[in-house]
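All of the numbers you see were taken from the coordinates with simple rules; none came from a lab. For clarity, every value in this text was computed on a predicted model and none was experimentally measured. Positions of Cβ are generated from backbone atoms using ideal geometry, with glycine treated the same way; all protein chains shown enter the neighbour counts.
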Amino acid sequence: MLSRLLSERSVYRWSALLAGAVFVLLLSDTRATAADVAALFQEARSTATQLNRDAATMESFTRSNLNWKSHSAQITRIKDHINKAGSILSEMQAARGEAKPWHQDAIDVITPALKELASNTESIINHLNENPQNLKDPTYMQYLKSNAQSASELAAAVGNAVDYDRTRTRMDELEAK
């Protein structure tokens, strides 16, 4: 069963699903408006926070003796969060032209961060498919560490954008009085 799950076909399927989902979503034409962007950032913050937590949890697996099935289940959760974040980012990009300047700047920061996270996650999936019993491999452990760091940076960037938007909106309201 293990060989069937981790076949070469599985490697390509997982990689294609992950990479394809993120990059196609980034390019898809959705109909978000500028008014939706702040709400999208709130949704992205929630997703990025979950992603950060799950990536940190998976990185902690390097200090335990969990089997490959635990790693596989965790990377699946991470992949799902990345795909959701890619969908949200796609909507943000569709509304980018109408978005506030600070939202545009945040979208420009978040896009490469999510791409890097997707790439790191693809490397983890490939390693698990090719070497499921070699979970203490230094390269694999570095992938997990890099993924946790990238997820943390993404969560911080999204959180900063939400906080700035809230502060800026409040300042604009006060100036209007």
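A compact table of results
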| item | result |
| --- | --- |
| Label-point separation, Asn131 to Thr169 (7 Å along Cα→Cβ), nm | 4.7 |
| Proxy reagent accessibility, fewest Cβ within 10 Å first, across Trp68, Trp102 | Trp102, Trp68 |
| Which listed pairs, of Lys115/Lys136; Lys100/Lys145; Lys79/Lys100, have C-alpha distances above 28 Å, in listed order | Lys100/Lys145; Lys79/Lys100 |
| Val109-Thr139 pseudo-label distance in nm [points 7 Å out on the Cα-to-Cβ vector] | 3.3 |
